[in-house]
Each structure stands twice: as structure tokens, then as C-alpha cells.
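The structure appears right after this line, and notes come after that.
The values are calculated or read from the model by the stated rules, or taken from the named source; none is laboratory data. None of the values given here were measured: they were computed from a predicted structure. Neighbour counts run over all protein chains shown; Cβ positions are idealised from the backbone, glycine included. Areas reflect the complete protein model, heavy atoms only, side chains present, ligands, DNA and RNA absent. Shrake-Rupley method; radii C 1.70, N 1.55, O 1.52, S 1.80 Å.
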Amino acid sequence: MVGFTIALVFSFWILDIRIPSCLWDKEPFTVGSVEEKRPGEYEIHYVAKMWSFDPPLVEVPMGSVLHIYLASLDVNHGFQILNTNVNLMAVPGVVNYAKIRVTDVGDYPVVCHEYCGAGHEKMAGILRVRPAGFQYADTLRKAESAKLTTVAVAVDPAVKQLLASKGCVACHSDNGSSGVGPTFKGLFGRKETLADGSSVEVDDAYLRESIRNPNAKLVKGFQPVMPPLPLTEAEVDLIVNYIKANK
Ligand code: CUA
């Protein structure tokens, strides 16, 4: 008993671990957000929905204390940040809460561990812990100037990892050089002539359609060779934001 009590006190005061709790008095929210409330302390509002987390990518500096608020838009979802002890349920109508201090730089996958329908196994996000000194404000400004819908989604070199792992970079350059597919550089906002002679302005909707269904509106001069890729909504968001920022 004495050992157990010491362990509890130690984890509470020294490791800063709190028991996850349900906040009955907090109004459920519908939009995800990240806000630095005090220096080194962040409030993260996560929204779980079929089948993604909003925000899909959260970046904070090492050493930060995170107050995690979790709501669901539709059904019960799980919410686990791998390699941490954050493990919550997203339940419609209530807000659940956990607090952690992040002490190691790296990417921590955020996964849904409650079966929630056809897209369950693709429901994932990333908590990225950056070296101390990383300025969240910079991310915010970048996100605002790129007119992103979620402030926490910043364009980041790590999206390149995603593009590489999905094979995108084999055909699409990001520096304007030609390839099997159109270059990402300057793609957003460009007027493209399609294979059928009509034209289209590359906007958010066109990018999303082309990622999901590459041959729906094929740009003239390119072959219909891109396969539809199994990407999560969060991954599509990352790629779209990346293309937008690649002016
Ligand atoms: Cu959400 Cu499984």
C-alpha cells in the first residue's frame, strides 16, 4: 500500500500524470484547434469523426504540457496516442480530457482503437513533437497565409515522407521539372486544359477529386496511369495543403 501510494504521488507530482476524465460541464465542440494558452502549455481540441481526427497533424515543442479535449461528431471512437499513456474514448455528447507532458522529439501516431465502420483502420493522425524552441506561432502564421481550414495543419517537410511512401514523387516533381504527371509547383490556382479540351482551374475540390479519382479530369498531355491511392482524409488534407503552398 505504501509503495502504491508513493507511486501515485510520484506520478502525479513528478511525472505530471493525471487520470483521464470526462468533463460533464464542458460543451462539446465541432471544430478541432490548437492554442498556446500559456508559454509551453497547449490546449488541443480534437474532434473525432468518421474517419479522421481534426486536426490531423498537431505540432508542439518538446517539453510542452498538452491539455487534450476530445469530442466526437458521430459515433464512439477510440483515441490513443501511441507511445504515450493517452488513451481515451471519443463519445458523442461529452468531452473527455487528458493531460500529458511531451518529453521526446518524434512523431506519435494518433489512432482510433474502437471499431467505427468501414474506414476505421484508416482513422489516424499525428502528434509531432518538435525540438524545444519550435515556434508554434510560426506554424499558425504559415497556416493562415496558406488559408488552411485547420490552423494546426501546417505544410511540413514530413509530408514529403508521405508523398514518397505513396509513390507520388515518382511521377510528380515539386520543382517544376516535367514528369509522368504534372509538377506540384505552381499547380494550385493554375488553369489546366483537360484531355477533352475543356479547362479547369486547379482548386481545392479539383485537387481532392484528382487524388481520389485521378482520371476523372485528366490534364491534356498526360496518360491515365495514376492509380487511386488508399489515403485517409487526413493524408489528403496534408497533400492538398502541400500543393497549395508550393507556389
Ligand atoms: Cu473511429 Cu475506429
(request) Could you pull out the residue among 234, 216 that is touching a helix residue (DSSP H, G or I) at 6+ places or on another chain (Cβ under 6 Å) and either at pLDDT below 80 or open to solvent by 30 Å² or more (accessible area, probe 1.4 Å) (or both)? (result) 216
(message) Exactly one of these conditions fails for residue 46: (1) away from the ligand (no atom under 16 Å from the Cβ); (2) open to solvent by less than 50 Å² (accessible area, probe 1.4 Å); (3) under 24 Å from residue 232 (Cα atoms). Give me its number.
(response) (1)
(message) If I filter the range 63-71 for residues that are surrounded by fewer than 17 Cβ atoms within 10 Å (Cβ to Cβ), over 18 Å from the mean Cα position of the chain (by Cα) and in a strand (DSSP E or B), do I get at least one hit?
(response) yes
(request) Starting from the range 117-137, keep only residues that are near the ligand (Cβ under 9 Å from one of its atoms), then list their pairs with residues that are in a strand (DSSP E or B) and among the aromatic types (Phe, Trp, Tyr) whose Cβ atoms are within a distance under 9 Å, requiring at least 6 positions of separation or different chains. (result) 123/53
(request) Report, ordered by the first and then the second residue, all pairs with beta carbons closer than 7 Å, sequence separation of six or more or different chains, a first member in the range 21-41 that is in contact (Cβ under 8 Å) with a residue 24 or more places away in the chain, and a second member that is exposed (fewer than 13 other Cβ atoms within 10 Å of the Cβ) and of a type in the set (Gly, Ala, Ser). (result) 28/93
(request) Name the one entry in 91, 60, 75 that is open to solvent by less than 10 Å² (accessible area, probe 1.4 Å) and either within 12 Å of the ligand (Cβ to nearest atom) or under 23 Å from residue 159 (Cβ atoms) (or both). (result) 60
(message) Under 6 Å between Cβ atoms, which residue pairs at least 6 apart in sequence (or on different chains) link something in the range 96-116 that is assigned to a loop (DSSP other than H, G, I, E, B) and modelled with pLDDT under 95 with a partner that is open to solvent by 10 Å² or more (accessible area, probe 1.4 Å) and more than 14 Å from the ligand (Cβ to nearest atom)?
(response) 105/62; 105/131
